[in-house]
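Only one structure is covered here, and it is reproduced in the block below.
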Amino acid sequence: MKYLLGDRVDRNISYQVFLALILVMFAVCGIDFLFLVLNELSDITESYNLRELLTYSFMSVPYRLFDLTAYFCLIGMVLGLGTLADSGELTGARILGKSYISIALSAFKPILVLMFVGLLASEFFIPNLSQLAEENRLIKKEGEQPTKKYWIQSEIGFISFMSAPEKDKVHGLSIYELNSSNSVTRIINSKNASLKLDELIISDPEITYIDKRPGDHTNAYSHIKIPGLDEDFSLLLSPKYLSLTDLYAQIAMSLSKYRKNQLSLEFWRKILQPFVTLSLVLLALGFLFGPLKNQKSGQRIMLGIGVAFTVDLTQKLLGSISVVSNIPAFIAVLIPILLISFLAFLLLRKVN
């Protein structure tokens, strides 16, 4: 345990950086939550009221925090180590024999834990929660007569549903069964249905016959096969709410080039996010140990915020370009990492 946590000096550095990360996380979360609420206020209706708006905003926080992890790690590192530098504790650590590498490793420990928790959450927790938040928001905004639905062509006709709050469940299901002349013979409605393998299991269906003629074949309404779907509806969901395993599987399966580019971009953004975080942390160390070490903490924090904003804007711009062009998504995500790492290398070269 001693080798893992280090001595008292190492633990103090890790603790101060951890406190700074928590402070920055709550500050960023609070500001982002406030702006999200203000942005949603213009969409309030009778069905999408203030309670639904706040519920959606709270449920959206985990994904938005995960998306901003690299940036508040940068600011948290600058704030945590900057506070130690201003109080003279980093100087004391150097006098006690701590190298810059040892200090950097101690500061990086809480960030490593945070990255690990974020990756687990993005795989098992955030996708379902975020999808549920978005689907409930759309349902409430549309009200009782929704105009936007998901549509699937099946072997018996067409299937539509209002929302997919979970990858294997749908709400507001309608099935339009066609005969050999492509005329609607009956409509099957159900409030809820679930998918098991490629069969849609319908709960309490309501059947309306439109044009049933002698000899028309009618299928059993409790189990409807949907070719192309395997176990869940993730093929229909937004790429940003999919886990890494779902993204990887869909990239190979997708036939649309645009959809494949979207999936690839989101896959590489998630899988390379720890490297974005690492490059920004190295940049923060360059600010603190390099030519900017004599600057005041406020100036370093403002510089960190400016860098975080610039990197975020660059990533989004290159990502959008890669989706509509032949630039590989991997390259679009990698370019900012290389630029940040190069800048950090230039700053850290001047450490003495």
Kindly write out, for segment 113-130 in residue order, the coupling ³J(HN,Hα) from the Karplus curve 6.51 cos²θ - 1.76 cosθ + 1.60 (θ = phi - 60°), rounded to whole Hz, with x marking Gly and Pro.
4, 4, 5, 5, 4, x, 5, 5, 5, 5, 8, 10, 10, 5, x, 5, 5, 5
Gain upon complete extension [Asn189, Leu334; 0.36 nm per residue less C-alpha separation]
47.5 nm
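What size of dipole, in debye to the nearest 20, comes out for the chain about its Cα centre when the only charges are +1 on Lys and Arg C-beta atoms and -1 on Asp and Glu C-beta atoms? Before the final figure, lay out the partial values.
On the way: 33 positive and 31 negative charges, 327 e Å.
The dipole of the chain has a size of about 1580 debye.
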Segment 288-352: relative contact order in percent, alpha carbon pairs under 8 Å with at least 6 residues between
49
Backbone N under 19 Å from the Lys316 label point (7 Å along Cα→Cβ), restricted to segment 264-288
265-270, 273, 276-277
Using the charge dipole of the chain (Lys, Arg: +1 at Cβ; Asp, Glu: -1 at Cβ; taken about the Cα centre), state which of Ser14, Tyr209, Asn294 has its Cα farthest towards the positive end.
Asn294
Once you list every other residue whose beta carbon is under 15 Å from the beta carbon of Pro205, what net charge do they have if Lys and Arg are +1 and Asp and Glu are -1?
-2
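In debye, nearest 20, what is the charge dipole magnitude of segment 79-210 about its Cα centre with +1 on Lys and Arg Cβ and -1 on Asp and Glu Cβ, if you could check? Walk me through the numbers on the way to the answer.
Values: 13 positive and 15 negative charges, 98 e Å.
Dipole magnitude for segment 79-210 comes out near 480 debye.
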Using θ = phi - 60° and the Karplus curve 6.51 cos²θ - 1.76 cosθ + 1.60, what whole-Hz ³J(HN,Hα) does each residue of segment 153-165 get, with Gly and Pro shown as x?
8, 10, 6, 10, x, 10, 10, 10, 8, 6, 7, 10, x
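Can you give the local net charge around Ile251? Use residues other than it whose beta-carbon is closer than 12 angstrom to its beta-carbon, Lys and Arg +1, Asp and Glu -1.
Working: positive: Lys257, Arg259, Lys260; negative: Asp246, Glu266.
Here the count lands on +1.
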What's the local net charge at Gly319, with K and R +1, D and E -1, over the other residues with C-beta under 10 Å away?
+1
In nm, spacing of pseudo-spin labels at Trp151 and Phe342 (7 Å Cα→C-beta vector)
4.8
Per the charge dipole of segment 24-96 (beta-carbon charges, Lys/Arg positive, Asp/Glu negative, Cα centre), the residue among Leu36, Gly80, Phe58 reaching farthest to the positive end is Gly80
Say the cut-off is 20 Å between C-alpha atoms; which of Lys169/Lys260; Lys169/Lys196; Lys141/Lys270; Lys149/Lys169; Lys149/Lys316; Lys169/Lys270 go over it?
Lys169/Lys260; Lys141/Lys270; Lys149/Lys316; Lys169/Lys270
Once you put a point 7 Å from the Cα of Phe158 and another 7 Å from the Cα of Met302, both along the Cβ direction, what distance in nm separates them?
5.8
Consider just the alpha-carbon atoms of the chain and return their Rg together with their Dmax, both in angstrom.
25.9, 94
Charge dipole of the chain about the Cα centre (unit charges at C-beta), most positive-ward option of Asn179, Asn136, Pro239:
Pro239
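Where a number appears in this text, it was derived from the coordinates with a stated rule and is not lab data. The structure displayed is predicted, hence computed values, not measured ones. Note that each Cβ is placed from the backbone with ideal geometry, even for glycine, and that neighbours are counted across all protein chains shown.
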